[in-house]
Amino acid sequence: MARQPIVGSDAGQWGTILNTYLSVSHAADGTLNSGVVGSSQLQSSAVGASQTNLPSVASGMLLSGTLASRPAAASSNTGFIYIATDTNSGTLYQSNGSAWTQIAAGVSQSQTPTGTASGDLSGSYPGPTVAKVNGISVSGTPSQGQVLTASSSLAATWENAPVDWLNVVTGYGADSTGTTDATTAIQNCVNACIAQGGGVIYIPRGTYKITSTITCDQNGVPVYFIGDGTMVTTLKFSGTGDCIRHYDSSYYYSRLHGGCFKGIAIDGTGAGAGSSGLRMGDIFYYELDLRVLNFTASNCIGAWFQNSYYWTEQLHGRVRAEWCTQHVVFDVNASGAATTTGSFMRLDADFSIEGSGDGVVFQNGTYPNHGRLNIIGNFQGNSIPVTTAILRLTGSVPAGLGETNHANISDCRLDMGCEANNTYTPQSIVFGNSSNYIHNVTGTLSFYNGVSASNNAGNLFRFVGTITGDSSLTPWVPLGQTNIADATQTISSTTAANITGLKGNVAAWTPYKISAFIPYQSTVTAGTPVFNFTGPSTVYIRIAVKFYSASGCVKYTHYVALGTYPGPTLTNSSDLLCEIEGTIMFGAAGTLQLQAAEGTSGDSFNLSNGAYLELNPLFSA
């Protein structure tokens, strides 16, 4: 291995050893061999400007800027480097004291393209337009705030950006603890929602102090009030007038329809006289999930649905109303526009009532026809006489408005399941006058535990279905419908008694096919059962009355007038059957009632389960 000579030794060999060492990195002429010097052979600062052909640049000798701002070459800037930032950006110049010399070329300026655009662009340069995004066609001209929305896998259009829910707490500062008045904050949120073209007003769980009316005239755009549930989101109203007034005054045929009030309770504790929780109207297809309570001052209403401009049709949902002077009211504004009607047609609603005031009221000519109405609840009475009603129909559309109509329920499904407690209780159904009516309605009316009877005094009441708990309301028996007695009944008097459930309404000058089936059983050794009908005067009757025992028909008689139809003499514990069939027509409308009496004083017999009366119109007069 080549090495340097060692001092004090290598006598006589120094020249040979040194030459061998130098030959490793040097040629015979003294120059360095290729690749001999690398980073490992150089020490720090071993190579300076004097050892290279590159100009050295000291601190402060590097300048930059536009060519126009470059200083003149002078002895004071000899060796300075200047970087041009405009034309041929990045070109390097060096001063020699008398001139600037280019020492490196920069990047040439880009050129403005010309010609026809292609790809995602269309038109010509220098101003092409965007026709596609990643190959997807784009149509339309955007307006401020719009976003690009895909209409298919190959096309997109410019549309309004999605609108988020407006949060009355986080967005508008409403206090959800019930401490600070939230009226202004919620009103500001309502105004913003209408201004943006409609949307959702979100009222998170909590209690909100409301001291004056929050007004929402949605003016042609749908507005939706949504809370977290009727048991956790509560507006606590302590003002007068309406807590929430929600309506649409715009031209009906140019507006966007819809709106709702869902998942929110309104508490009227402390509200003044004449107040209401929600007063809503003139909005098509409105949805409800409302709880309203404690509007107990005079003339207060829990949920008030009032038409002031047109109508409120396809209202749907549910209302839970508790302890209000009047719980739910459908109304027409007497000061409304000339186009105002009483229509709440195609109503589809459930009302749950608890309290002592009116349950559901249709007044001033309102009507929910072609819909469904369900009223359930517990109505508290009083120790003194009351004038309240579970269902009230009263009044007609005020003069000068869009129609003339009396408050009524027609062509609907009506179900009521209500009880009442106390000495004096509300009436089942109250008619304001003889012009208010229920017509072509089906369902079940169940009144129990002391509900007072209706004031029905000849009002048109054509109801098909089961009615229990109010004998003043008689079900109508139309084509194909049957009344069936649902319990046994003992007949022991010689005075005729109505057979429970065997009755039906009849129209004038309409022929009916009549069928009756009455099983009965003797309770004594002798006695003669007698059956008969009561009702309006007849103009035609042809019926056959048959009596059967276990051995077959024991008596068969034809009749051409309403009267008594005595059966065979009874024997103890004998089972018999009375069957009546024929055709009958009446000269006036009324109720046909089947009766029974014991022909022998002191004897008796039992009517059995399964008795029925069927009246089928052959055709209408």
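The values are calculated or read from the model by the stated rules, or taken from the named source; none is laboratory data. Bear in mind the structure is a predicted one, so any value in this text is a computation, not a measurement. Glycine gets a Cβ as well: all are built from the backbone with ideal geometry, and neighbour counts include every protein chain shown. Accessible surface areas use protein heavy atoms only, side chains included; no ligands, DNA or RNA. Shrake-Rupley method; radii C 1.70, N 1.55, O 1.52, S 1.80 Å.
Remarks
- Restricting segment 277-359 to GluC sites (Glu not before Pro) in coil, as DSSP defines it, with at most 11 other Cβ within 10 Å: none
- Under DSSP loop assignment and at most 14 Cβ neighbours within 10 Å, longest trypsin sites (Lys or Arg not before Pro)-free interval of the chain: 206-621
- Whole-number accessible area per residue in Å² for the chain, which is evaluated in the context of all protein chains at 1.4 Å: 47
- Listed by chain and number, the aspartates and glutamates whose alpha-carbon sits under 15 Å from that of K546, ignoring those within fewer than 8 places in the same chain, are D575, E579, E581.
- Pairwise FRET efficiency - S122 versus Q102, Cβ, R0 = 41 Å, nearest 0.05: 0.45
- For L401, nonlocal amide neighbours, meaning residues 5 or more places apart or on other chains whose placed amide H falls under 5 Å from its own, do not occur.
- For the peptides 328-334, 66-72, residues were scored by their other Cβ atoms within 10 Å and the scores averaged per peptide; the highest-first order is 328-334, 66-72.
- Sites V554 and R413, calculated FRET efficiency, Cβ-Cβ separation with R0 30 Å, nearest 0.05: 0.10
- Taking amide hydrogens as placed 1.01 Å from N in the peptide plane, the amide H of A117 sits under 5 Å from those of G123, S124, Y125, each at least 5 positions away in sequence or on another chain.
- Under 5 Å, built H, 5+ apart or other chain: amide partners of S472: S454
- Per-peptide average of other Cβ atoms within 10 Å, ordering 79-85, 547-553 highest first: 79-85, 547-553
- Length released on extending from N606 to N449, taking residue separation times 0.36 nm less the Cα-Cα span: 53.8 nm
- Length-normalised contact order of the chain in % [C-alpha pairs under 8 Å, at least 6 apart]: 6
- Applying the Karplus relation 6.51 cos²θ - 1.76 cosθ + 1.60 with θ = phi - 60° to segment 352-361 yields 3J(HN,Hα) values of 10, 10, 9, x, 10, x, 3, x, 10, 10 Hz, where x marks Gly and Pro.
- Note, ³J(HN,Hα) from phi for segment 328-339, Karplus 6.51, -1.76, 1.60, rounded to Hz, x at Gly and Pro: 9, 10, 9, 8, 10, 6, 5, 9, x, 5, 5, 8
- The accessible surface of the chain, taken with every protein chain in place and a 1.4 Å probe, is 51 percent carbon and sulfur.
- Loop-located GluC sites (Glu not before Pro) in segment 544-619, at most 11 other Cβ atoms within 10 Å (DSSP): none
- Helix-only arithmetic for the chain: the sum of -39500 (n - 2.57) across DSSP H runs with n ≥ 4, divided by the residue total, places the mean residue ellipticity at 222 nm at -1000 deg cm²/dmol.
- Tilt relative to the chain, helix 183-195 - C-alpha long axis, 0 to 90 degrees, to 10: 80
- Estimated translational diffusion coefficient (Stokes-Einstein, Kirkwood radius over Cα pairs, 20 °C, 1.002 mPa s) of the chain: 64 µm² per second.
- Packing-based order for 360-371, 181-192, 147-158, 292-303, using average beta carbon neighbours within 10 Å, highest first: 360-371, 292-303, 181-192, 147-158
- For segment 449-464, putting each phi into the Karplus relation 6.51 cos²θ - 1.76 cosθ + 1.60 with θ = phi - 60° gives couplings of 6, x, 4, 6, 5, 5, 8, 3, 10, x, 5, 4, 9, 9, 10, 10 Hz, in residue order, rounded to whole numbers and with x for Gly and Pro.
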